[in-house]
């Protein structure tokens with residue numbers, strides 16, 4: 001947090017975890033943010049993206065081929081104005097991944113490669129899930145800071161396991177820095193990764209089995225019929 005930061009009652013400055021003592025420490029190659037919708041996970045990742053100079057709609061430093069101004073919530077960029085990054089050297093390499101803007105990003109990368117007389121990555125020639133995985137494999141093989149905002153929204157459980165393997169290899173090698181927001185217990189299970197729950201009291205270290213996401217899926221798989229029956233009862 002910047003020492004001269006002025007917080008008001010408007011979102012995102014009224015997020016309960018945001019205060020003068022707020023710190024996000026990246027102590028492991030892979031850091032995973034969990035929490036309910038509205039807790040501010042995506043907003044925080046967008047703020048980090050803005051600090052790095054990445055497009056808040058998704059992309060890397062200098063990537064702005066499409067005007068997303070009407071479609072993207074800019075609260076993350078607002079939050080970035082009160083945050084201060086402490087890193088040496090300054091991070092400029094990396095990528096901000098958002099599932100909803102993937103296709104415009106992939107198309108741009110193909111066109112940019114052709115303009116440079118290089119072979120395009122051609123991510124769009126693959127099936128939906130495979131295209132995402134190929135994109136992750138190509139991008140995450142490079143050093144840099146990579147921000148993933150709920151990547152499971154574009155991946156089947158099987159494809160999530162493929163991403164899990166990739167994230168695990170990064171956690172072991174330390175070849176890149178990952179910050180990921182997710183609701184997926186599969187992706188939360190990266191061995192050795194730091195799992196942070198974001199909520200009313202700030203950021204707190206947690207474990208997979210302690211998360212509400214894991215408990216919910218566990219209860220469902222143990223007895224789907226009883227789970228659904230109770231869920232229907234709770235909704236009445």
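The values are calculated or read from the model by the stated rules, or taken from the named source; none is laboratory data. Please read all numbers here as calculations on a predicted model, not as lab measurements. A quick note on method: Cβ atoms are made from the backbone with ideal geometry, for glycine too, and the neighbour counts reach across all protein chains shown.
Which numbered condition trips up residue 143, out of (1) modelled with pLDDT under 85; (2) more than 22 Å from residue 186 (Cβ to Cβ); (3) assigned to a loop (DSSP other than H, G, I, E, B)?
The single condition residue 143 does not satisfy is (1).
Could you grab me the full set of residues in the stretch 201-217 that are part of a helix (DSSP H, G or I), surrounded by 12 or more Cβ atoms within 10 Å (Cβ to Cβ) and touching a helix residue (DSSP H, G or I) at 6+ places or on another chain (Cβ under 9 Å)? Before the answer, list the steps.
Taking the stretch 201-217 as the starting set, the residues that turn out to be part of a helix (DSSP H, G or I) are 208-210, 212-217.
Now drop any that are not surrounded by 12 or more Cβ atoms within 10 Å (Cβ to Cβ), which leaves 208, 210, 212-217.
Across the stretch 201-217, the qualifying residues are 208, 213, 214, 215, 216, 217.
Search the stretch 6-22 for residues that are assigned to a loop (DSSP other than H, G, I, E, B) and pair each with any residue that is loosely packed, with under 11 Cβ neighbours inside 10 Å and modelled with pLDDT of 70 or more when their beta-carbon atoms are under 6 Å apart and the residues are at least 6 apart or on different chains.
Partner pairs satisfying both residue conditions: 16/200.
Whether any residue in the stretch 153-160 is assigned to a helix (DSSP H, G or I), in contact with a helix residue (DSSP H, G or I) (Cβ under 8 Å, 6 or more places away or on another chain) and closer than 19 Å to residue 60 by Cβ is what I want to check.
Yes, the stretch 153-160 contains at least one residue that is assigned to a helix (DSSP H, G or I), in contact with a helix residue (DSSP H, G or I) (Cβ under 8 Å, 6 or more places away or on another chain) and closer than 19 Å to residue 60 by Cβ.
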